[in-house]
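Undergrad: After the structure tokens below, expect a handful of questions from me.
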């Protein structure tokens, strides 16, 4: 019989306001095996933890039940507390009477009764707990960063600075990400390229960093500390080791009409191209969809002009196998397609542009070399209308996103301000639902746009944009004066919502990392573990976790790097001891468990058993590799003879909980 | 279960540790209420649920049993919820055979972000089970004191 101690936490008034903690402690004291039961204001505080440790010593407890917040919050804390007092940490069970009781029920009698039942279930489980010892597994001291935007670059630089090797996998021919397309950054208005390109060069020159550009992650196997990753290096038909980035081929290629994705299709590039002048690595790439040589076998001009002899039309995709201890996801974001918002006439007029397109139009390296010209007739625009929240905070009709994209208020203020500064003859209108400017110096920045630069901010939504006689007729409502407004605009700029990159969802499946309904990666804890995925060894950096501006992205990138370093600094990791274990006497070697195991943790071997009349029998039985098993329990249900069981969540334990609840 | 002469169904909810248990926590964090009849048992993955546990719950007097797991494709262990889905389909046809109303069991996918969905599901499921009344068909009277 176990000697169990029950500790009921008040959590200040979080639990005590709806649950009668004294009554819970008194009632549970009468349960079989309970030798000590108490309640305290904050069980997780030092005084509370000392109380638990003292009770373990004085009452010689063999099991501990803590009725408190969710085990997702403090299970680890209480396990450590008990381990320090000499009790096996896996002899601790938590009854979740905060998130799943006091916070959802209002009636004290009902909540108290439920808390008692939850406590009873935990006691019933502890009776069947067995001390577990965690094994260890070695850590591969290298990290992989998926995505080479500012988030990925910052994470990689920080990891490399601490002396560990790190690889960046970037699907585009160059690293740099979305920030390379941005002209100026708010709220300081410094040039994005001037602060980003030195970092890109740093990453390329750092001997600890290896960049796989134009590559994608093909598969991920393994677990924290020991990931096996296959990387697909897409054929760029240029030998990376020979190409000097001189750019001769990109000026001689006869295929001139390829939409330039760097300028969002607003001008053209050649079939062989370097995305932009500061690209890293500065290596040409052939676009197989447009290259005449690759399509028809007739051309070969680039290979003739290449002095380095780097062109290789026979190049194939290459699969590279690598080992990593930690993986950082930095896949970033994309603006949504605004085609669905046809009321703004995006598909009807080239003068209706998205904010990122506007960014390129203002950029000195953009399609107009930084002169703001209307895309339709290349004339100077006089009236500009900015529409906020295109697809953000948009519920109900299924066209947009329910969340706030966070960055649009600020970049629109920036665009409006830059526009007024460069061209004081322009009239700039901004239609908004709310202006949201939390952040250091953000509100001051927005106020400058209104007060110093005379940008017209109008609270209200644009109902319709109609292209007419070379103008854009904007119909909108002013919610504050309750008037209809008609503006003849030269350009309309749409602040499109941002969404996670399309590659994020398949990647999350590969990594078994969880995502929310908007396809943003979820963090292990929204407040306390914001840069870790719930999957051990997977870390989150930048906008893949939620909309973020550049300073926040960089902060999160460095935080993710710090977490990675914490992992890589360890030589060995403690494994989860709650793994499957077969009862060899009952196993009949049928292989049912092996088939359902997602990790390949189960193997079979012939073992000798004692048979009747002093004979020996050789039987095929299952064995589980505890370092590979992640403890999902699929095998325990698949086993027809009931030989397989999961430590910490055994059949008997779960049934004891069921019994306690149904009593 | 009878409380003050009023019928109150006993409901056991099995929640996977990674998505649905976190979803249940989130509904608590957001103070979204659902009936106190629902008692949650944490399991590592929905595939850890042996259909036997559900039968055991019915035998011991539960009136409804619900299994919550990660959305298909989102399983922390990649494929666990697919196994759970198939096993539960088999169990449902067996419950049909035993004459247990189908409405007493349910499988629902609740992600860690869907606190509101968890609360709504529990409200709906409790109402559904309450309508059916007490589970007598599989209840083992020997289990009663």
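Read the figures in this text as sums done on the coordinates, not as results from a lab. Just so it is clear, the model here is predicted, and its values are computed rather than measured. Neighbour counts are summed over all protein chains in view; Cβ atoms, including those assigned to glycine, are modelled from backbone coordinates with ideal geometry.
Undergrad: Does residue B:69 fit the bill of being out of contact with any strand residue (DSSP E or B) (no Cβ under 6 Å at 6 or more places or on another chain) and over 19 Å from residue B:132 (Cβ atoms)?
TA: No.
Undergrad: Quick check, is residue A:517 assigned to a loop (DSSP other than H, G, I, E, B), within 14 Å of chain B (Cβ to nearest Cβ) and under 28 Å from residue A:598 (Cβ atoms)?
TA: So residue A:517 fits the description; yes.
Undergrad: Right, here's the next one. Out of A:131, A:138, I need the residue that is in contact with a strand residue (DSSP E or B) (Cβ under 8 Å, 6 or more places away or on another chain) and either farther than 25 Å from residue B:40 by Cα or in contact (Cβ under 8 Å) with a residue 40 or more places away in the chain (or both). Which one?
TA: Among A:131, A:138, only A:138 is in contact with a strand residue (DSSP E or B) (Cβ under 8 Å, 6 or more places away or on another chain) and either farther than 25 Å from residue B:40 by Cα or in contact (Cβ under 8 Å) with a residue 40 or more places away in the chain (or both).
Undergrad: Follow-up question, since we're still on this one. Out of the stretch B:33-59, which residues are more than 7 Å from chain A (Cβ to nearest Cβ) and more than 20 Å from residue A:659 (Cβ to Cβ)?
TA: B:35, B:46, listed by residue number.
Undergrad: Go through the stretch A:386-430 and count every residue that is in a helix (DSSP H, G or I) and farther than 18 Å from residue A:551 by Cα.
TA: Within the stretch A:386-430, residues that are in a helix (DSSP H, G or I) and farther than 18 Å from residue A:551 by Cα number 8.
Undergrad: Test of understanding: among A:121, A:109, A:95, which residue is in a helix (DSSP H, G or I), within 14 Å of chain B (Cβ to nearest Cβ) and crowded, with 22+ Cβ neighbours inside 10 Å?
TA: Just a single option satisfies the conditions, and that option is A:121.
Undergrad: Quickly run through the stretch A:439-460 and pick out the residues that are farther than 10 Å from residue A:410 by Cβ and assigned to a loop (DSSP other than H, G, I, E, B).
TA: Across the stretch A:439-460, the qualifying residues are A:440, A:441, A:452, A:453, A:454, A:455, A:460.
Undergrad: Could you list, in sequence order, all residues of the stretch A:52-81 that are in contact with a strand residue (DSSP E or B) (Cβ under 9 Å, 6 or more places away or on another chain), surrounded by fewer than 17 Cβ atoms within 10 Å (Cβ to Cβ) and assigned to a helix (DSSP H, G or I)?
TA: The one that is in contact with a strand residue (DSSP E or B) (Cβ under 9 Å, 6 or more places away or on another chain), surrounded by fewer than 17 Cβ atoms within 10 Å (Cβ to Cβ) and assigned to a helix (DSSP H, G or I): A:58.
Undergrad: Could you list all residues from the stretch A:269-300 that are free of Cβ contacts under 8 Å to residues at least 40 places away in the same chain, out of contact with any helix residue (DSSP H, G or I) (no Cβ under 6 Å at 6 or more places or on another chain) and over 14 Å from residue A:172 (Cα atoms)?
TA: A:269, A:271, A:289, A:290, A:292, A:293, A:295, A:296, A:297, A:298
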